[in-house]
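Worksheet: one structure, shown below.
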Amino acid sequence: MKIQMLDLSEQYLSMKEEIMTKLDEVMSSSRFILGDNVKKLEEDVAKYSNVGHGIGVGNGSDAIHIALQAAGVGKGDEVITTAFTFFATGGAVARLGATPVFVDIDPITFNIDPAKIEAAINEKTKAIIPVHLYGQMADMEAIKDIADKYNLVVVEDAAQAIGARQNGKSVGELGTAAAYSFFPTKNLGAYGDGGMIVTGDEQLAENARVIRVHGSKPKYYHNVLGYNSRLDELQAAILNVKFPYLDDFSKERRARASYYTEKLNEKLSHVINTPVEKEGYYHVYHQYTLRVSNRDELQAYLKEQGIATMIYYPLPLHIQPVFKDLGYSEGDLPETEKATKEALSLPMYPELKREDQDYVIDKILEFYSK
Ligand SMILES: *Cc1c(COP(=O)(O)O)cnc(C)c1O
């Protein structure tokens, strides 16, 4: 048996004709940049997020970066975030000349612990970036209360969490803006890079639209320094085909997550912590991530059995070499550091077969019965 973390081929085959038709339409139209497909996707994704504006950009990293810049974050500002995330979250802050300030996580959800945010706020603090890791929202209600109290911007890193909810509220609804990624492996994946900012703030939306075209407004007049970062028509056309299926994909992911959880807890609840979906939350399981103390041995064993697993993320941002000037050292964020040693993500995608899941579960049981 060989089981991959994810396999995108089945999904493609199920939509191949629809996708090919749309791609042909774009190529025949000769309209490749910021045309009707991008506009439609922007409208649909904004509506889906219960906010007024969607701004398609080149990738999820740029979505974070541009949203921050559009909200006025820049040189000298501090931005509070988590170190237990993909590099892009901290990279976006640093590339703006602002300083990332890392706060520890809640060990149950792996997300930023709102109870630890206030202690990190000072007069330089301008924004908070919660990351909705693995597909479950950080506690946006608590974060919004803090942001309102100190007048801070909140840019949600929702790269892994399109479709997630907290008490019925979407990603993007409680924050100032949210950033989605359409990287191929994400829950709504393009066939190349892509990203989107969603926001209810009209001024932020307008700023972001200008920043993604070199800060040009009116055309060829530049009042701000922007980038070339646009979602292209071919990717948007593909995403427009896939988008109507997104809620079904989420349901399929959730069903697979429940099955893993039920089977693993039956016999291994004493050695494995399965993911916790907090009450009132709708987790979209971008990843299905266990906590285990002998993680590296388990991973090596599963690899021998042909089962791919991943460690998201082995080195937290506060001790990444590129951030050494920030002055953090090991031990500063104990929960984050512990999670980097215990987290193990299992194969997860909407089309994952029951027999493959059973094989993964059997091999995990086998490892613990040795
Ligand atoms: C994927 C991801 C990003 C970056 O998205 P790209 O589209 O690859 O640039 C940012 N943050 C998190 C948490 C991610 O998982």
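Things to note:
- For the range 50-63, a residue qualifies if it is away from the ligand (no atom under 16 Å from the Cβ) and more than 18 Å from Q203 (Cβ to Cβ), and exactly one does: N50.
- Whichever residue in the range 190-214 is crowded, with 20+ Cβ neighbours inside 10 Å and within 15 Å of the ligand (Cβ to nearest atom) and, among such residues, is farthest from S9 (Cα to Cα): R212
- Counting only strands (runs of 3 or more DSSP E) that sit completely within the range 136-216, those holding 2 or more residues that are charged (D, E, K, R) correspond to 153-157.
Residue-by-condition table, conditions (1) more than 16 Å from the ligand (Cβ to nearest atom); (2) at pLDDT below 95; (3) among the hydrophobic types (A, V, I, L, M, F, W, C):
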residue: H65; (1), (2), (3): no, no, no
residue: D77; (1), (2), (3): yes, no, no
residue: F84; (1), (2), (3): no, no, yes
residue: R95; (1), (2), (3): no, no, no
residue: D104; (1), (2), (3): yes, no, no
residue: F110; (1), (2), (3): no, no, yes
residue: N122; (1), (2), (3): yes, no, no
residue: A127; (1), (2), (3): no, no, yes
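- So R354, is it over 21 Å from the mean Cα position of the chain (by Cα) and outside the structural domain of G189 (by TED's automatic domain parsing): yes
- D7 passes every criterion in (1) in contact with a helix residue (DSSP H, G or I) (Cβ under 8 Å, 6 or more places away or on another chain); (2) at negative phi; (3) touching a residue at least 60 places away in the same chain (Cβ under 8 Å) apart from (1).
- Sole exception among (1) surrounded by fewer than 17 Cβ atoms within 10 Å (Cβ to Cβ); (2) small (G, A, S); (3) within 15 Å of the ligand (Cβ to nearest atom) for A255, by number: (3)
- Screening A147 against (1) under 19 Å from the mean Cα position of the chain (by Cα); (2) surrounded by fewer than 24 Cβ atoms within 10 Å (Cβ to Cβ); (3) closer than 22 Å to G60 by Cβ leaves a single unmet condition, (1).
The values are calculated or read from the model by the stated rules, or taken from the named source; none is laboratory data. Please read all numbers here as calculations on a predicted model, not as lab measurements. Here the Cβ is made from the backbone with ideal geometry for all residues, glycine too, and neighbour counts use every protein chain on show.
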